[in-house]
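Here is the structure we will look at, set down as structure tokens.
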Amino acid sequence: LALAMVLTLAGCALPKVAPPAVPPPVSAAPLPAAPSGAWVWSPQLESAGSRLRLALLGSGADVSQTSDKRLWISLPADATFAAGRPAVTPAAGAWLDQVAQSLRSLPRAEVQIVGPVDARGGAALAVDRAASARDWMVMRGVPARRMAVSGQAPRGRNAGEGRLDILVGERGTP
């Protein structure tokens, strides 16, 4: 019964939420900024989001559609990184494997990864954490040129309440 309920819920449309306030990318080759309305929500993004929502069930991850038509994957920082460290934990590695698998099936997708800060580190740690998540997914076949990284400052959150945010979008064709 529980499995049937999970499968039924997983097939439901992703919740729509306002996109997070994302700092600008700081990678060597940042993705160009998308003008308002530039992102499109495709059946492939919907399918990837539904698969991720099911795969990450119980992890503390949130998977939703932003109001600007991107897929938003948000992982809890305290389970994704050790305090003061940029390296991905083994549990988070399994989650990022799922994200990488989805990204490999979305060849047009552009990705922005926003790393969280904690009480031990500031913006530099946040960027290092985002880069660590990017590097993990590059090692699993996602092209680095499709991903940009940035760090976030605490926005009304206590240290340790941060999230690793991964935003995935497909641009509309002119």
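The values are calculated or read from the model by the stated rules, or taken from the named source; none is laboratory data. Given the structure is predicted, the values throughout are model-derived calculations rather than measurements. Methodologically, a virtual Cβ is constructed for each residue, glycine included, from the backbone with ideal geometry; neighbour enumeration extends over all protein chains shown. Quick note on the areas: whole protein, heavy atoms, side chains included, nothing else; ligands and nucleic acids left out. Shrake-Rupley method; radii C 1.70, N 1.55, O 1.52, S 1.80 Å.
Per-structure values
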read-out	value
Unmet criterion (only one of (1) open to solvent by less than 30 Å² (accessible area, probe 1.4 Å); (2) part of a loop (DSSP other than H, G, I, E, B)) for Leu103	(2)
The listed residue being open to solvent by 30 Å² or more (accessible area, probe 1.4 Å), modelled with pLDDT under 60 and within 23 Å of Ala130 (Cα to Cα), out of Ala82, Ala94, Ala21, Ala87	Ala21
Test result for Asp78, among the acidic types (Asp, Glu) and under 19 Å from Ser47 (Cβ atoms)	no
Pair list, Cβ under 7 Å, 6 or more apart: segment 93-112 residue over 23 Å from Asp78 (Cβ atoms), other residue surrounded by fewer than 15 Cβ atoms within 10 Å (Cβ to Cβ)	Arg104/Gly141
Those residues of segment 107-161 which are small (Gly, Ala, Ser), over 15 Å from the mean Cα position of the chain (by Cα) and modelled with pLDDT of 95 or more, in sequence order	Gly141
